[in-house]
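Visitor: Could you have a look at this structure, given as structure tokens, before my questions?
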Amino acid sequence: MAAVLPAMAHAECAEVSQGDLSISAAWSRATIGTARPAVFYVTIQNNGSTEDRLIGIETPVAGMPMLHETVLSDGVASMPHADQISIAAGETVSLAPGSYHGMLMDLNEALTEGESFPMTLQFQNAGTLTIDTDVVSIREREAPCAPAP
């Protein structure tokens with residue numbers, strides 16, 4: 001029975017499109033309270049012939065959502081602020097663990113597994129898009145709707 005549950009979850013991830021961009025697999029891990037920041041991950045596909053840029057994120061669950069990038073230098077990871085994330089024409093960019101991601105600081109509420117929240121992505125060319133973000137287990141390493149290997 002447990003093998004059936006992940007397959008059912010694959011169908012639940014939201015996908016939205018606007019202009020040349022398709023946004024899918026938005027997810028975040030559950031949090032323990034509001035004292036520590038949460039993360040936001042998503043897949044952005046640019047089906048067009050020109051580059052676009054993710055220039056910001058907004059959500060009602062956090063007072064200070066920001067784009068960050070995980071950078072390894074001499075074996076030490078840091079997470080500097082990213083002003084923008086380029087999505088080249090014909091390419092797909094995933095905000096994922098160990099890469100670009102959204103940091104949701106100053107949480108207004110704890111994120112609870114099984115719930116969802118809206119995330120608005122601001123693009124230089126495509127404008128704004130809002131997608132439902134699934135809150136998954138604190139132990140997850142990928143979106144619940146990630147394709148099977």
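Table: residues versus (1) out of contact with any Lys or Arg (no Cβ under 6 Å at 6 or more places or on another chain); (2) open to solvent by 80 Å² or more (accessible area, probe 1.4 Å).
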| site | (1), (2) |
| --- | --- |
| V76 | yes, yes |
| P80 | yes, no |
| S86 | no, no |
| A89 | yes, no |
| S99 | yes, no |
| M103 | yes, no |
| P118 | yes, no |
| D134 | yes, no |
| I138 | no, yes |
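Visitor: If E113 satisfies every condition in (1) open to solvent by less than 40 Å² (accessible area, probe 1.4 Å); (2) closer than 21 Å to A143 by Cα; (3) of a type in the set (D, E) but one, which is the exception?
Guide: It is condition (1) that E113 fails.
Visitor: Name every residue in segment 120-132 that is open to solvent by less than 50 Å² (accessible area, probe 1.4 Å) and either at positive phi or assigned to a loop (DSSP other than H, G, I, E, B) (or both), in order of residue number. Full working, then the answer.
Guide: Going through segment 120-132, the residues open to solvent by less than 50 Å² (accessible area, probe 1.4 Å) turn out to be 120-123, 126-127, 129, 131.
Answer for segment 120-132, where residues must be open to solvent by less than 50 Å² (accessible area, probe 1.4 Å) and either at positive phi or assigned to a loop (DSSP other than H, G, I, E, B) (or both): A126, G127.
Visitor: Could you go through segment 68-91 and let me know if any residue there is part of a strand (DSSP E or B), at pLDDT 95 or above and closer than 25 Å to S137 by Cα.
Guide: Within segment 68-91, none of the residues are part of a strand (DSSP E or B), at pLDDT 95 or above and closer than 25 Å to S137 by Cα.
Visitor: Those residues that are open to solvent by 30 Å² or more (accessible area, probe 1.4 Å) and either over 13 Å from L111 (Cβ atoms) or of a type in the set (D, E, K, R) (or both), I need them from segment 24-43; list them, please.
Guide: If the condition is that a residue be open to solvent by 30 Å² or more (accessible area, probe 1.4 Å) and either over 13 Å from L111 (Cβ atoms) or of a type in the set (D, E, K, R) (or both), then S24, R29, R36, T43 are the ones that fit.
The values are calculated or read from the model by the stated rules, or taken from the named source; none is laboratory data. The structure displayed is predicted, hence computed values, not measured ones. Cβ: placed from backbone, ideal geometry, glycine included. Neighbour counts: every protein chain shown. Heads up: the accessible areas ignore ligands, DNA and RNA and are worked out on the full protein's heavy atoms, side chains in. Shrake-Rupley method; radii C 1.70, N 1.55, O 1.52, S 1.80 Å.
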